[in-house]
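Encoded as structure tokens, here's the structure I'll be asking about.
The values are calculated or read from the model by the stated rules, or taken from the named source; none is laboratory data. Nothing here was measured: the structure is a model prediction, and the numbers come from that model. Please note: Cβ atoms are built from the backbone with ideal geometry, for glycine as well, and neighbour counts cover all protein chains shown. Note: accessible area is taken over every heavy atom of the protein model, side chains too, but ligands, DNA and RNA are not part of it. Shrake-Rupley method; radii C 1.70, N 1.55, O 1.52, S 1.80 Å.
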Amino acid sequence: MAVKKKILFITGTRADYGKLKPLLKAIEASSNFENYIFVSGMHLLAQYGNTYNEVLKDNYKNVYVAFGLEHSSSMSINLGNTIKQLTGYVAHVKPDMIIVHGDRLDALAGAVVGALNNILVAHIEGGEVSGTIDESIRHAVSKFCHIHFTCNSEASKRLLQLGENSDTVYEIGSPDIDIMLSGLLPDIDEVKRYYGLPFNNYCILMYHPVTTEYSRVAENIKQVIDAVIKSKRNYVIIYPNNDLGSEIILNEYNRVKNNEHVRMFPSLRFEYFLTLLKHADCIIGNSSAGIRESCVYGIPAIDIGTRQSGRYDLKKMSNIQHVTEDTAQILSALKCLENYRLVSKHFGEGTSTEMFMEALNNPNLWDIKIQKRFIDLGEINV
């Protein structure tokens, strides 16, 4: 009987766990692989809902929650601490592959630890662009990784520009779309009861700090909340991530803490969030959910500021309006939502898990060399 290959997933946030969840479930159910999960980062912070519990509730066999991980306001210190603790866990498990997602510090830590310990590393959703330091982190992660699971052809081409080998790039779409289109989400009445939401109509607000614009965070979020108050609409507000500037945003949210039109949550269960999104009037802010997930359901999105800069083409993503952090612009966008209720399949069609498992079950994938070589553009067809 063949020995099962050990697959170690790294999850550091509520967002990346939602993306990884269908892949985790598939690996857990497979007879060819043994599933391991390292839980770190924002998952461990009480202020953001202790979302490690969402991972534990799904009853995987091998989950390691890095409770001893020290957190600070310094991203570089947090990166070092995560690398240190993850290195010990990797030495214990001895995985055949580490899988990371996106552009957070936990993904960078996983990629570095894997690369420096001669372990295959696979990256979910590399090759994408954004308007913050996250983009640099994402590309750095890709350069440490040996295998790439991208969401569309544009992302794949960027990886080739970064010198990656086309034989190691698998275009599978965004895995969370599998859940979005599964027909297995809770119904909206159940979600409203669970979270005590009295609204029939509502918008979702998710606004994160842009670390490279820290000096402007206070004024920017003030403009956003001014628009929330003046619009007289109902809002479900979800806390920002824990990047530099998040405390400024949370302080501004205190202005609407007792507003009858607002319900605020540190985090939402992923499937419940998707149901709320599916029935929302719009999603507003600068979260990637306003770019990636909103288009699947054709929900109008108002993208504010620079955080998602370069991540979408308004000609292809016709459900999106882009505005700056200006109260008047936001209010104007809120008045014409019905013109932007348009569906797009730019990030996948709900078959990511199937393609992911097909790749992992292909023996050729496991023959990919640990020693990488930069592929010049002259050597490939872009």
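Which loop GluC sites (Glu not before Pro) in region 231-278, with loop taken from DSSP, have no more than 15 other Cβ atoms within 10 angstrom of their Cβ? Don't skip to the end; give the middle numbers.
Numbers: sites: Glu247, Glu252, Glu260, Glu271; in loops: Glu260.
Within region 231-278, the qualifying GluC sites (Glu not before Pro) (loop, at most 15 other Cβ atoms within 10 Å) are Glu260.
Only Cα pairs within less than 10 Å get springs; with that Gaussian network setup on the chain, which residue of Arg216, Arg292, Arg104 has the largest fluctuation?
Of the options given, Arg216 has the highest mean-square fluctuation.
Now a separate question. Give me the dipole magnitude in Debye, nearest 20, for region 277-325 about the Cα centre, with unit charges on the beta carbon: positive for Lys and Arg, negative for Asp and Glu.
Magnitude of the dipole: close to 180 debye.
Could you give the dipole magnitude of region 304-382 about its Cα centre, charging the beta-carbon of Lys and Arg +1 and that of Asp and Glu -1, in debye to the nearest 20?
On the way: 10 positive and 10 negative charges, 35 e Å.
Charge dipole of region 304-382: 160 debye, to the nearest 20.
Same structure again: Hey, any idea what the orientation-averaged projected area of the convex hull of the chain's Cα atoms comes to, in nm²?
Averaging across all directions leaves 18.3 nm² for the Cα convex hull.
I would also like to ask the following. Of the cross-linked pairs Lys21/Lys61; Lys222/Lys335; Lys94/Lys372; Lys192/Lys232; Lys94/Lys143; Lys5/Lys157, which ones have a Cα-Cα span greater than 25 Å in the structure shown? Numbers along the way, then the final one.
On the way: Lys21/Lys61 14 Å; Lys222/Lys335 20 Å; Lys94/Lys372 21 Å; Lys192/Lys232 20 Å; Lys94/Lys143 22 Å; Lys5/Lys157 30 Å.
Flagged as over cut-off: Lys5/Lys157.
Leu377: accessible area at probe 1.4 Å, nearest 10 Å²?
Counting only protein heavy atoms, the figure is 90 Å².
While we're looking at this one, here's another question. Go ahead and set up a Gaussian network model of the chain, Cα springs under 10 Å, then flag whichever of Glu125, Glu164, Glu338 fluctuates most.
Highest fluctuation of the listed residues: Glu338.
Based on Cα coordinates alone, diagonalise the gyration tensor for region 148-305, multiply each eigenvalue by 5, take square roots, and list the semi-axes in whole Å, largest first.
Values: eigenvalues 181, 99, 29 Å².
Value: 30, 22, 12 Å, ordered largest first.
Please report, to two decimal places, log10 I(q)/I(0) for region 262-338 at q = 0.18 Å⁻¹ as given by the Debye formula with identical point scatterers on the Cα atoms and no solvent.
-0.73
Continuing with this model, one more query. If you take the Cα Rg of region 142-201 and divide it by 2.2 N^0.38 Å, with N the number of residues, what do you get?
Numbers: Rg = 18.7 Å, N = 60, 2.2 N^0.38 = 10.4 Å.
Normalised Rg, Cα atoms only: 1.79.
Okay, moving on. Once every DSSP H run of n ≥ 4 in the chain is given -39500 (n - 2.57) and the sum is divided by its residues, what mean residue ellipticity at 222 nm do you get, rounded to the nearest 500 deg cm²/dmol?
On the way: 14 runs with 140 residues, N = 382.
Value at 222 nm, helices only: -11000 deg cm²/dmol.
Among the trypsin sites (Lys or Arg not before Pro) within region 1-89, which fall in a DSSP loop and have no more than 14 other Cβ atoms within 10 Å of their own Cβ?
Numbers: sites: Lys4, Lys5, Lys6, Arg14, Lys19, Lys25, Lys57, Lys61, Lys84; in loops: Lys4, Lys61.
Passing both the DSSP loop test and the Cβ count: Lys4, Lys61.
Right, another one. How far apart, in nm, are the 7 Å Cα→Cβ label points at Ile77 and Ser31?
Each label point lies 7 Å from its Cα, and together they span 5.1 nm.
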